[in-house]
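The values are calculated or read from the model by the stated rules, or taken from the named source; none is laboratory data. All figures in this text were calculated on a predicted structure; none of them were measured in a lab. Backbone-built Cβ (ideal geometry, glycine too); neighbour counts: all protein chains shown. For accessibility, only protein heavy atoms count, side chains too; no ligands or nucleic acids. Shrake-Rupley method; radii C 1.70, N 1.55, O 1.52, S 1.80 Å.
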Amino acid sequence: MAVERLRYEWTRDSGVPAPPRRLRFRPEADDEVFVDLFRRVLDGTLDAASRAEAETIGAQAQARADVAFYRDSMPGERSWWRVAEDAGGRTVGFALPSRNTGSHVVGYLGVLPEQRGHGYVDDLLAEITRILAQEAGAEVVRADTDLTNRPMAAAFDRLGYRNFARRLVLSAP
């Protein structure tokens, strides 16, 4: 499988986003909540790798693998993870600020299928960026998205992330 990904970078020159006003972000210590959210966002996802893996091993197993990866393999703080709720208390998605061995990163963000189309991707990305800038002291935040994930690419552009490269990801069948 080959996936072309866009690489983005945010710097403090773009300005630290204010906390989004229309959503409430809360920490959640229960990994099972995130397993459920990861599983739910797989429905209609534009992330080719997640979609392909879920088709192979199933959505629940893929969700568990994603949570385990971000919790156990990424050196970002688990305490940064957030669940996003609207003013009525309905969960709209989740945000996983993280870090890899080179920099702070947008680990993962997901909008639940029934909440898509309301621009919540901007709020989730702003919260991830804000947490990394203010709580983690990040001067730079990096992120990747599939070339075909135009809503995510547009969100990066709107928040002042700069597309600095393309990356071809190859994996054996």
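With respect to the stated conditions, residue 169 is out of contact with any Cys (no Cβ under 6 Å at 6 or more places or on another chain), within 16 Å of residue 50 (Cβ to Cβ), surrounded by fewer than 14 Cβ atoms within 10 Å (Cβ to Cβ) and not charged (D, E, K, R).
Let's see how each residue does on (1) out of contact with any Phe, Trp or Tyr (no Cβ under 6 Å at 6 or more places or on another chain); (2) modelled with pLDDT of 95 or more:
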{"residue": "23", "(1), (2)": "yes, yes"}
{"residue": "29", "(1), (2)": "yes, yes"}
{"residue": "55", "(1), (2)": "yes, no"}
{"residue": "67", "(1), (2)": "no, yes"}
{"residue": "79", "(1), (2)": "yes, yes"}
{"residue": "94", "(1), (2)": "yes, yes"}
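Restricting the range 1-31 to residues that are closer than 17 Å to residue 135 by Cβ and small (Gly, Ala, Ser) leaves a set whose member that is most open to solvent (accessible area, probe 1.4 Å) is 29.
For the range 55-79, filtered to residues that are in contact with a Lys or Arg (Cβ under 9 Å, 6 or more places away or on another chain) and of a type in the set (A, V, I, L, M, F, W, C), the residue that is surrounded by the fewest Cβ atoms within 10 Å (Cβ to Cβ) is 74.
Counting only strands (runs of 3 or more DSSP E) that sit wholly inside the range 1-109, those with at least 3 residues that are touching a residue at least 60 places away in the same chain (Cβ under 8 Å) and not acidic (Asp, Glu) are 2-11, 91-99. Note on the range 36-54: residues that are open to solvent by less than 40 Å² (accessible area, probe 1.4 Å), of a type outside the set (Asp, Glu) and in contact with an Asp or Glu (Cβ under 8 Å, 6 or more places away or on another chain) total 3. Residues that are more than 17 Å from residue 5 (Cα to Cα), touching an Asp or Glu at 6+ places or on another chain (Cβ under 9 Å) and either in contact (Cβ under 8 Å) with a residue 12 or more places away in the chain or surrounded by 18 or more Cβ atoms within 10 Å (Cβ to Cβ) (or both): does the range 141-157 have at least one? No, the range 141-157 contains no residue that is more than 17 Å from residue 5 (Cα to Cα), touching an Asp or Glu at 6+ places or on another chain (Cβ under 9 Å) and either in contact (Cβ under 8 Å) with a residue 12 or more places away in the chain or surrounded by 18 or more Cβ atoms within 10 Å (Cβ to Cβ) (or both).
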